[in-house]
1. Using only C-alpha positions, report the orientation-averaged shadow area of the convex hull of segment 51-158, nm², one decimal.
2. Tell me, H323, H79 in order of fewest to most beta-carbon neighbours within 10 Å?
3. Net charge near Q158, counting Lys/Arg +1 and Asp/Glu -1 over other residues with Cβ under 10 Å of its Cβ?
4. Quick one: helix 189-204 against the long Cα principal axis of the chain, what's the angle to the nearest 10°, folded into 0 to 90?
5. Normalising by the residue count of the chain, find the relative contact order in percent from Cα pairs under 8 Å and 6+ residues apart.
6. Return the distance in nm (one decimal) between the two label points of a simple spin-label model at N341 and R163, each offset 7 Å from Cα along Cα→Cβ.
7. Over segment 11-222, what is the relative contact order in whole percent, taking alpha-carbon pairs under 8 Å and six or more residues apart?
8. Let me have the 222 nm mean residue ellipticity of the chain computed from DSSP H runs of 4+ only, each contributing -39500 (n - 2.57), with the sum over all residues rounded to the nearest 500.
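Rule-based calculations on the coordinates, nothing more; no lab input. If you're wondering where the values come from, they're calculated on a predicted model, not measured in any experiment. For neighbour counting, all protein chains shown are included, and Cβ atoms are generated from backbone atoms with ideal geometry for every residue, glycine included.
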Amino acid sequence: MGKALRLKKPVIAITGSAGKSTTKEMVASVLATKWRIFKSVDNLNFYTHTRQYAKRIQPRHQAVVLEYGMSGAGHIKQHCLAIEPNYSVITNIGSAHIGAFGGDVRKLARAKSEIIRWMKPTGTVVLNRDDKNTALIDKGKFHGKIVTVGINNKATYQARNVRFSSAGMTFQVTLHGKHEQFTIPIYGRHHVYNALCAIAIGDLLGFSPQQIRVGLRRYRRMQRRTSIYRFARNIVLIDDSYSSNPHAAKAAIDTLAQIGKGTKVAVLGSMRALGPYAGKGHREVGRHVAAKNISRLYTYGVLAKQIGVTAVKAGMPAKNVIHFAKQDALNQHLLSHLTPNTTILVKGSHALQLMDTADLLKRRLSGKPAAALRKSAIRRSPSGQSRKPASRRATTAVRRRVHMPLLRGIVKARRNRR
């Protein structure tokens, strides 16, 4: 491994237990309102990907926005040794991958802290003031600038008057002495924190409030992250099936409680990679469900059974909680109970393939065959209005320019290790 790529242009690196990809897309969209940028592709965020990105950044790029993922200690350091950030964002310190650290959040926080200890020491860091685990971050010898974001606690960039609206989430932030209104086209208070990070980076780099507003409205939403689908008979599906951990699951349940009308159904799968924290994490989610006035709880997967058991102990009627050992049984039950005025949340670890359950519901409710759904590029806004599909040619160009070289590089590296 050679020396880290140190660029004179802004290099923004984003890590955290939840919200990395969404924050990356929001930051990139804001900066793209006036700059040419290079950003991480989709959720290709391992350090081997970052090494490939280092070879593809061009002089024409005016800023670089990267997502630094990890599954163990030392991984964030490897990212920084490939491309050194001068701006870093830690969205939160939650429970994703905590199993790799023996269930110890302090060890997890130290691993996330590598982004501060190995970035440019005079750079800028954005931290979440509302995340209690932020106090565990090890800043090492960093002597740059630290700015904070928050909703509940006083922060450099603080959101006020946070509301759910027909367009998504709306809120105010004071910038340069003036109250500015912002809207993001996605539901969930947890996404407001992601937007605040993008606002902070945009403001620090000299972008106007209007440019930031436009960027946030246009950002590319990641699939299966609080994706809202509205159907006839006032049935709503919240597809958040990409992955899950206790922090993210509770945020998704909050969204169901806020936007759900009539019957509110939570379909929750097991949460993987929690290690010794697994039992406690699933019980936390169960108590949270019981506290949020959810109508019915369906769990799937061995570990998820603890969510239902705990929810009943916390006061949720036992008749409204069902555990499924097989996904087919879960699917058939859902399909036979699709009543009007129902909002359904689907969330679980990626390995459980609950995206198949979400897609089955979409097909049945839309009346489209599977092939038609795959071909359809039309996405819906939170208000249910159709939006124009993104350019297929642009998507294809990105795949040719970035995906394929990355894949070839990864395959070559694996062969060399054999």
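1. 7.3 nm²
2. Working: H323 17, H79 30.
Fewest-to-most ranking of H323, H79: H323, H79.
3. So the environment of Q158 carries a net charge of +2.
4. 20 degrees
5. The normalised contact order for the chain reaches 15 percent.
6. 2.5 nm
7. The normalised contact order for segment 11-222 reaches 23 percent.
8. -11000 deg cm²/dmol
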